[in-house]
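> First the structure, then my questions, so here it is.
The values are calculated or read from the model by the stated rules, or taken from the named source; none is laboratory data. Bear in mind the structure is a predicted one, so any value in this text is a computation, not a measurement. Here Cβ is always computed from backbone atoms with ideal geometry, including for glycine, and neighbour counts include all displayed protein chains. These area figures cover heavy atoms from the full protein model, side chains too; ligands, DNA and RNA do not enter into them. Shrake-Rupley method; radii C 1.70, N 1.55, O 1.52, S 1.80 Å.
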Amino acid sequence: MNRTELSEYFKIIRRSVDDFDDPEVARPAVEAITSAAEHGSAQAQYMLGMYYYTYHCEDSSIFLSWMERAADSDNLKAIKFLADYYRFICDDMEPEQRKSLGRKWLYRLIEVLTKKAGKGVVSAAKSLMNLYVRDRPDDMTEGEGRDAAMIWYERLIEILRAKAARGTATDKKRLADTLYYHSDVPDEIVDCLPDRIAEATQLYGEISAEKMDGASYVDSAQTYSSEGNEQKAFDCYMKAAELGYAEAYYNVGKAYLDGNGVERDFDKAFEWLQKSAGSGDACAKLKLAECYKRGAGCERDYAAAMAQYQQVAGDKSLRRYSFADVAEYELGNMYLKGLGVEVDLRKAYDYFRRAASHGSRAAENALKNRKFRDFK
């Protein structure tokens with residue numbers, strides 16, 4: 001049987017297991033890969049283990065024998081399965097025996113991942129870093145797990161640096177993202193990590209010089225901003241915006257509005273914020289509404305401001321962010337103060353209440369206004 005055929009059989013079994021479908025649907029595929037499993041294919045052994053665990057879990061000897069054979073060949077999925085099975089699932093043996101076997105297979109997982117990380121496998125180093133803080137062995141304290149994770153973070157950086165030194169812009173970006181954004185780094189150790197923003201800034205600069213694309217310039221801008229160099233940050237945002245990278249429009253507009261890294265210019269701020277709002281950016285719509293209310297870069301236009309707030313408030317996709325409740329609060333203020341509309345305490349109260357229900361502290365305070373006592 002060739003690899004393509006074997007792969008197709010694996011897909012059939014995987015779909016059956018994932019969907020918990022009729023076991024007979026995958027039976028032909030199971031029979032087809034059994035020979036490969038008996039001749040040492042760890043992937044086939046693992047797939048048989050999953051099939052028998054899913055549909056014949058009452059006889060643990062069958063699926064465990066296949067999983068153990070796969071694990072003996074260093075199949076990571078099989079090893080992880082055995083570690084989790086004995087620690088969290090198995091209920092037909094004494095607790096101490098379960099504990100011992102769970103620990104055994106977890107340490108086996110660590111052993112195999114360590115070998116792979118030693119060969120420069122990025123995913124293995126990341127897995128170990130996360131394992132030690134989120135799934136550490138039960139004979140290790142939380143502090144010991146955190147210390148071990150820190151060691152693997154440093155090893156991860158070493159591996160990524162080596163790849164970046166001889167690799168592509170993609171390899172450099174992976175390193176820079178880990179240094180700056182702490183990509184895939186567990187939150188439990190982020191506060192303990194050394195500041196490597198300068199290294200990330202240099203990498204993003206090299207990437208943007210190579211690729212000349214908007215996303216790279218924005219990455220550079222954010223690191224410059226973190227270092228307090230707002231002028232260089234603005235220059236990078238502007239380069240990204242001039243390349244047509246929509247995500248940079250808002251940053252350029254806000255910089256002009258606040259005079260941050262560039263001389264304040266309300267006209268240019270309005271122009272870039274309008275462009276960003278047109279691309280759908282919720283932050284830009286809120287800032288654009290502010291410009292309309294202040295007459296910054298445009299004629300004062302409360303109706304236009306309200307239209308922007310209403311767009312943001314009505315967008316259900318923004319509920320998990322703070323944009324919608326900010327818009328609702330501002331709409332409440334406009335009806336409370338009669339900005340471009342007749343004063344309407346009922347509508348003001350309703351908007352404040354809606355914003356408060358979405359977590360707005362400012363709206364909660366606004367609802368304490370005596371003017372709303374009749375609506376409570």
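> Which order do Ser100, Ser16, Ser60 take when ranked by solvent-accessible area (1.4 Å probe, heavy atoms of all protein chains), largest first?
Ser100, Ser60, Ser16
> Run the reach check for Lys80 against lysines, Cα to Cα strictly under 29 Å, same-chain hits fewer than 8 apart removed. What comes back?
Cα-Cα hits under 29 Å: Lys11, Lys99, Lys104, Lys115, Lys116, Lys119, Lys126, Lys163.
> Rounded, prolate or oblate: which fits segment 271-335 when a ≥ b ≥ c are the square roots of the eigenvalues of the alpha-carbon gyration tensor, with rounded for a/c under 1.5 and prolate only if a/b beats b/c?
Oblate, because a/c is 1.5 or more while a/b does not exceed b/c.
> Can you give me the P(r) profile for segment 234-376? Cα pairs, bins 10 angstrom wide beginning at 0, each as a whole percent.
All Cα pairs considered, the percentages come to 13, 37, 32, 14, 3, 0.
> Here is a follow-up. Excluding ligands and nucleic acids, what accessible area in Å² is computed for Tyr180 using a 1.4 Å probe, to the nearest 10?
Result for Tyr180: roughly 40 Å² accessible.
> Using only Cα atoms, what is the ratio of the radius of gyration of the chain to 2.2 N^0.38 Å?
The value comes to 1.37.
> Label Asp315 and Met212 with points 7 Å out from Cα along Cα→Cβ: what is the distance between them in nm?
Inter-label distance under the simple model: 3.2 nm.
> OK, next. Can you tell me the Rg and the Dmax, both Å, for the Cα atoms in segment 1-154?
Cα-based Rg and Dmax for segment 1-154 come out at 17.0, 50 Å.
> Something else about it: Need one value: the accessible area of Met150 in square angstrom, 1.4 angstrom probe, rounded to the nearest 10.
Estimated to the nearest 10 Å², Met150 gives 40 Å².
> Pop out the carbon and sulfur fraction of the accessible area of the chain as a percent, whole number, probe 1.4 Å.
The C+S portion of the solvent-accessible surface of the chain is 46 percent.
> If eta is 1.002 mPa s and T is 20 °C, what Stokes-Einstein diffusion coefficient results for segment 91-208, Kirkwood Rh from Cα pairs, in µm²/s?
The estimated diffusion coefficient comes to 139 µm²/s.
> Counting each DSSP H run of 4 or more residues in the chain as -39500 (n - 2.57), what helix-only mean residue ellipticity at 222 nm follows after dividing by all residues, to the nearest 500 deg cm²/dmol?
Calculated from helices alone, the mean residue ellipticity at 222 nm is -23000 deg cm²/dmol.
> Using only alpha carbon pairs under 8 Å that are at least six residues apart, calculate the relative contact order of segment 1-138 and give it in whole percent.
Taking the mean separation of contacting Cα pairs over the length of segment 1-138, I get 14 percent.
> Could you tell me what a quarter of the Cα convex hull surface of segment 147-238 works out to, in nm² with one decimal place?
Dividing the Cα hull surface by four gives the mean projection, 5.8 nm².
> If you don't mind, there's one more thing I want to ask. Out of segment 5-109, which GluC sites (Glu not before Pro) are coil in DSSP terms and have no more than 13 other C-beta atoms within 10 Å?
Within segment 5-109, the qualifying GluC sites (Glu not before Pro) (loop, at most 13 other Cβ atoms within 10 Å) are Glu58.
> Report Rg(Cα)/(2.2 N^0.38 Å) for segment 20-66, keeping two decimals.
Here the answer is 1.06, to two decimals.
> Roll a 1.4 Å probe over the protein chains and send me the accessible area per residue for segment 254-376 in Å².
55
> What are the equivalent ellipsoid semi-axes of segment 203-300, built from the alpha-carbon gyration tensor (square roots of five times its eigenvalues), in whole angstrom, biggest first?
That gives 25, 14, 9 Å for the three semi-axes.
> Another question, then. Between Asp184 and Lys104, what is the label-point separation in nm under the 7 Å Cα-to-beta-carbon projection?
Distance between the two pseudo-spin positions: 3.1 nm.
> Hey, if we sort Met1, Met129 by accessible area with the 1.4 Å probe, largest down, what's the order?
Met1, Met129
> Pulled fully out, how much extra length does the chain show between Asn365 and Val343, if you take 0.36 nm times their separation in residues and subtract their Cα-Cα distance?
6.0 nm
> Would you mind calculating the relative contact order of the chain from Cα pairs under 8 angstrom and at least 6 residues apart, reporting the percent as a whole number?
Value for the chain: 5 percent.
> Further, regarding this structure: Rolling a 1.4 angstrom probe over the protein heavy atoms, how many square angstrom per residue are accessible across segment 102-237?
With all protein chains present, segment 102-237 gives 48 Å² per residue.
> Could you give the length gained on full extension between Ser226 and Ser61, defined as 0.36 nm per residue of separation minus the Cα-Cα distance, in nm?
Using 0.36 nm per residue and subtracting the Cα-Cα distance, I get 53.7 nm.
> Something else about it: Taking 0.36 nm per residue of sequence separation and subtracting the Cα-Cα distance, how much length would be gained by fully extending the chain between Ser123 and Glu38, in nm to one decimal?
27.7 nm
> Right, another one. Let me make sure I get this right: for segment 66-121, a, b and c are the square roots of the gyration tensor eigenvalues over alpha carbons, sorted descending. Under 1.5 in a/c it's rounded, otherwise prolate if a/b > b/c, else oblate. Which is it?
Note, shape of segment 66-121 comes out prolate.
> Then there is this: Using the beta-carbon distance between Glu142 and Glu111 and R0 = 22 Å, what value does 1/(1 + (r/R0)^6) give for FRET efficiency, to the nearest 0.05?
E(calc), rounded to 0.05, equals 0.50.
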